1. Taking residue 48 as the residue in question, decide whether it is under 23 Å from residue 221 (Cα atoms) and either at pLDDT below 95 or over 17 Å from the mean Cα position of the chain (by Cα) (or both).
2. Being over 13 Å from residue 97 (Cα atoms) and of a type in the set (Val, Ile, Thr) is the filter; apply it to the stretch 130-150 and report the residue that is surrounded by the fewest Cβ atoms within 10 Å (Cβ to Cβ).
3. Looking only at the stretch 10-50, how many residues end up being in contact with a strand residue (DSSP E or B) (Cβ under 8 Å, 6 or more places away or on another chain), more than 23 Å from residue 122 (Cβ to Cβ) and hydroxyl-bearing (Ser, Thr, Tyr)?
4. If I ask for residues that are of a type in the set (D, E, K, R), modelled with pLDDT of 90 or more and over 19 Å from the mean Cα position of the chain (by Cα), which ones from the stretch 203-232 would you list?
5. How many residues are part of a strand (DSSP E or B), of a type outside the set (A, V, I, L, M, F, W, C) and over 21 Å from residue 151 (Cα atoms) if we restrict to the stretch 20-64?
6. Mind listing whichever residues of the stretch 65-89 are under 29 Å from residue 198 (Cβ atoms) and in a loop (DSSP other than H, G, I, E, B)?
Amino acid sequence: MKVAFISGTSIVNSNLFATWSVNKIATPFGEVTYKTKGDFALINRHGYAFPLPPHSINYRANIRALADLGYRDIVSVNSVGSLKAELPPGTFVSCGDYVGLQQGPATYFDTELKGGSPGIANNLIPLLVEKLAPEFKIHTGRVYVQVRGPRFETKAEIRIVRHWGDVIGMTAAHEADLCSELGLRYNSLALIDNYANGLEGTEIDFAKFKDMVKDNQARVNRLFTRMLEILG
């Protein structure tokens, strides 16, 4: 099966992809570095040089590159914070909808009086949920709330947006919008690395977040290993 993966810190910290071929492709929006092995392609959304913060990621180049390479099925793995007490760190979710009101969506319609239809296809999620069980339980149908970043949200902001969805992040809504505009099928998987700021009495900062990501790395590695087996 021809599938492209988009991820971030989980790729940087993993050695699973060390032997994959490194390639570059030019797009109208900039050059993109990607890795390939067989029918699979892999993009680090933050880039392979100096990692770009979420608000500076070249989303348009990343998604256009996958389209130009002939990929139609995209599996995205995102790091998110939990907005729900019943979704603790270490939980895997799949989001079927999203909120992206804080920042205008990334779009290819800069010179056309046109707008895309938002949505997340999740066409591969039923297969992945079935085959990953019982090792992994994926909580499906969740709602992703996107904020701009790069800073984490204030406790006051979390008190507002916790009623909008289940998890919070800084990247997936842009990717889903762009995939929809190009006719690509976006599939959402996300690992909860932390409770959102103030939720369940937590305090959050970037150093603590990086530690939590490292703690979850082994589970992400195993998830990718199993997905490659299932989709291969």
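The values are calculated or read from the model by the stated rules, or taken from the named source; none is laboratory data. Note that the structure is a prediction, hence the values are computed from the model and not measured. Positions of Cβ are generated from backbone atoms using ideal geometry, with glycine treated the same way; all protein chains shown enter the neighbour counts.
1. Answer is yes for this residue.
2. 138
3. 5
4. 229
5. Qualifying residue count for the region: 11.
6. 83, 84, 85, 86, 87, 88, 89
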